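Participant: This is the structure I have questions about; it appears just below.
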Amino acid sequence: MLGILSGITAVILSAGIGNGARAEVRDQINELGTNILVVSPGSSTDSSGVRLGFGSASTLTRSDAEALANSEVAPDIAAVAAVSTTNVSVSAGETNWTTTLTGTTPSWQEVRSREVESGRFITEEDIENAAAVTVLGPDTAEELFDGGNAVGQSIIYNGHTLKVIGVLEELSSSEETSNNDLAIVPSSTYAQRLIGGSDRDTVSSIYIKARSSDTLSAAYQEAETLLVNLHGLSSSDDADFAIASQESILTAASSVDQTMTVMLGSIAIISLLVGGIGVMNIMLVSVTERIHEIGLRKALGARPRLIRRQFLAEASILGLAGGILGVVIGIGAGAIVPRLTDTRFIASPTASLAAIGVGIGVGVLFGVYPASRAARLAPIDALRSE
């Protein structure tokens, strides 16, 4: 039964992690928006010579975003928004909250397809004046103002007072995403008044919206070609930036999902096989120990099929017990997974019921031989056996 239990646990973990990975993909695509490309900076090297990951360099600028927004050069690009982000602690009265401070332009609203629930979004005038204003995500407004009207109120970041001019509509997302928890400020305010530093012109990423899903590939090529030329590179192979689309995110996440599923699925199959052999051995021992009982029942008129059914029922009960315990342990282990790793786990009722069914099936399958052996025993031989 231990083998069945281990196998079912692996099945539940495999299904839950797979569901979590698929949910992550949906959330990322949902957060990204439709017909969107995201340009990220390339990698950099630290002082010790270690090459860091993509996004660690400062290779994207507002000038890049302005060039990409030129419809004469990139006709398949509908809108562009340069974005700079950092996690900060803000306060309103006695309430403190950690959120994502986002410096961007008015085009962000079009690119990300976000509506304002109350108030207004930032304008070009706000950009020109480096206005001390902010548009809050619904979660941020909820936390800072306890569900009250945030528009017209003020928040404080690092000694700077920012007037709340709007609150975004809520966008469905998981707890892992930051769609609803952010504070948007004009890009000029972000660079000149709040963050500053020597790289005021650099940005964290550039969001590009294609004119339609049919022109997404063309927009990708236009953006890549333009940035290669702007950065003085010989080819895209030397690119100091990376462009991601919904398709690339889906492909990468699906690859990880498939790898995890295959790995855990293999463990499950091996464990179930071992568990099935264990059930068969237990049932064979049971047949040997109860040979007198079998002989007596057959001598009293019990038909072979009744003996067979009895032992198959006992084998299925072992499989059922292993299946139920495996599901319970699998769900319990799945609850711990997010605490130890960045992997999400979403339990599946369908997978749980199927896993229990598999446990019963394994018990019955590997109980056939012991049950048949018990059914074939001759009463006289069984009664003579010691």
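Readers should treat all values here as calculations from the given coordinates under stated rules, not as data from a laboratory. All values reported here derive from a predicted model rather than from experimental measurement. Every residue, glycine as well, gets a Cβ built from its backbone with ideal geometry; the counts of neighbours run over all protein chains shown.
Participant: Roughly what would the spin-label model give for N229 and A302, points 7 Å off Cα along C-beta, in nm?
Facilitator: With each label point 7 Å from Cα toward Cβ, the separation is 8.8 nm.
Participant: Further question: Of T104, I165, A371, whose Cα points farthest to the positive end of the dipole of the chain (charges on the beta-carbon: +1 Lys, Arg; -1 Asp, Glu; origin at the Cα centre)?
Facilitator: Result: A371.
Participant: Next up: Show me 75-81, 145-151, 281-287 ranked by packing, highest mean number of other Cβ atoms within 10 Å first.
Facilitator: 75-81, 281-287, 145-151
Participant: Now, a different point. How many nm is it between the label spots at V274 and S348, if each spot is 7 Å from the Cα in line with the beta carbon?
Facilitator: 2.4 nm
Participant: Separate question: Could you rank the peptides 111-117, 266-272 by their average count of other C-beta atoms within 10 Å per residue, with the highest value first?
Facilitator: 266-272, 111-117
Participant: Gain in length, I380 to E128, computed as 0.36 nm per residue apart minus the alpha-carbon separation, to one decimal in nm?
Facilitator: 80.5 nm is the gain from fully extending I380 to E128.
Participant: If you don't mind, there's one more thing I want to ask. Along the charge dipole of the chain, which of T261, G20, Q153 sits closest to the positive end, that is, farthest toward it, with unit charges on the beta carbon of Lys, Arg, Asp and Glu (+1, +1, -1, -1)?
Facilitator: T261
Participant: Okay, next question. Does region 281-386 come out rounded, prolate or oblate by the C-alpha gyration tensor, with a ≥ b ≥ c the root eigenvalues, rounded set by a/c under 1.5 and, if not, prolate when a/b is larger than b/c and oblate if not?
Facilitator: It is prolate, given that a/c is not under 1.5 and a/b is the larger ratio.
Participant: Hey, another quick one. Cα gyration tensor of region 80-206, axes a ≥ b ≥ c as square roots of the eigenvalues: rounded (a/c below 1.5), prolate (a/b > b/c) or oblate?
Facilitator: Rounded, because the longest to shortest axis ratio a/c is under 1.5.
Participant: Whose amide H sits under 5 Å from the amide H of A78, counting only residues 5 or more places off or on another chain, with H placed in the peptide plane?
Facilitator: K209, A210, R211
Participant: Separation between the R120 and E66 pseudo-spin-labels, each 7 Å from Cα along Cα→Cβ, expressed in nm?
Facilitator: Computed distance between label sites R120 and E66 equals 2.4 nm.
Participant: What is the dipole size for the chain, taken about its Cα centre, with +1 at each Lys and Arg Cβ and -1 at each Asp and Glu Cβ, in debye to the nearest 20?
Facilitator: The calculation lands at about 3200 debye.
Participant: Need the full-extension length gain, V328 to A218, defined as separation in residues times 0.36 nm minus the C-alpha distance. One decimal, nm.
Facilitator: Result for the pair: 34.6 nm of gain on full extension.
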